[in-house]
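The values are calculated or read from the model by the stated rules, or taken from the named source; none is laboratory data. Because the structure is a prediction, the values reported are computed rather than measured. For neighbour counting, all protein chains shown are included, and Cβ atoms are generated from backbone atoms with ideal geometry for every residue, glycine included. What goes into the accessible areas is simple: the full protein's heavy atoms, side chains included, and nothing from ligands, DNA or RNA. Shrake-Rupley method; radii C 1.70, N 1.55, O 1.52, S 1.80 Å.
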Amino acid sequence: MAKGKPMLDVDLKDLPPDLRWREWMGRIEAVLFASAAPVPRADLARVVGAEASVDLLIADIQADLLGRPYELAKVAEGWMMRTRPRFAEAIRVAADIGPQHLDLATFDVTVLAAIAYHQPLTRAGLKDILGKEISRDLLARLRALDLITTGPRSPQAGAPYTYVTTQAFLAVFGMESLRDLPDREELQDAGLTD
């Protein structure tokens with residue numbers, strides 16, 4: 001046992017199979033409930049036995065949550081609990097909080113999209129794509145919101161910084177990975193590109 005770390009019985013061999021499964025489900029649900037960020041599958045696997053399938057446990061938890069005001073969602077290459085969108089207004093009224101959206105201008109979203117589709121991307125690359133200089137203040141604001149971060153230095157002269165999206169970007173936009181970004185044809189169908 002590591003010093004200061006309690007030993008967790010993950011195999012639960014002393015329990016009958018049905019109770020063992022329920023305990024594993026409870027552990028995963030508790031971990032997800034306590035986390036404010038998506039929890040990767042590998043982290044969830046640390047609280048259940050080797051013979052347990054995290055994917056099947058998640059599926060059973062999701063089935064238990066049908067009809068409940070919250071759900072398990074796969075976002076940012078992990079799992080998280082979130083309130084179903086239809087209950088958002090009730091939460092705002094009861095908690096006396098305002099809208100919980102990011103205050104992003106259309107151009108901010110355009111910059112985020114350019115970075116998401118072309119990352120890692122330099123400021124010069126953004127200018128080439130968008131046809132205008134992108135201010136350091138805008139990029140700093142997107143970084144402060146944890147939607148982008150600096151990526152590897154570009155191999156160009158001067159080795160400028162590049163920008164990449166973050167796990168928070170995926171979570172905010174409800175994506176599991178960048179593969180969930182709409183393709184060009186979907187964007188054209190929605191009237192968002194030429």
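Miscellaneous remarks
- Yes/no for residue 162 being more than 15 Å from residue 108 (Cα to Cα) and loosely packed, with under 13 Cβ neighbours inside 10 Å: no
- Flag for residue 152 being open to solvent by 70 Å² or more (accessible area, probe 1.4 Å) and either in a helix (DSSP H, G or I) or modelled with pLDDT of 90 or more (or both): yes
- Any hit, segment 79-86, residues being in contact (Cβ under 8 Å) with a residue 60 or more places away in the chain and within 30 Å of residue 56 (Cβ to Cβ): yes
- Among residues of segment 67-78 being modelled with pLDDT of 85 or more and in contact with a Pro (Cβ under 6 Å, 6 or more places away or on another chain), the one that is nearest to residue 25 (Cα to Cα) is 78.
- One residue from 63, 105 being within 29 Å of residue 21 (Cα to Cα) and small (Gly, Ala, Ser): 63
- Selection count, segment 24-38, where residues are exposed (fewer than 12 other Cβ atoms within 10 Å of the Cβ) and part of a loop (DSSP other than H, G, I, E, B): 1
- Test: residue in segment 1-12 that is surrounded by 10 or more Cβ atoms within 10 Å (Cβ to Cβ) and closer than 30 Å to residue 174 by Cβ: no
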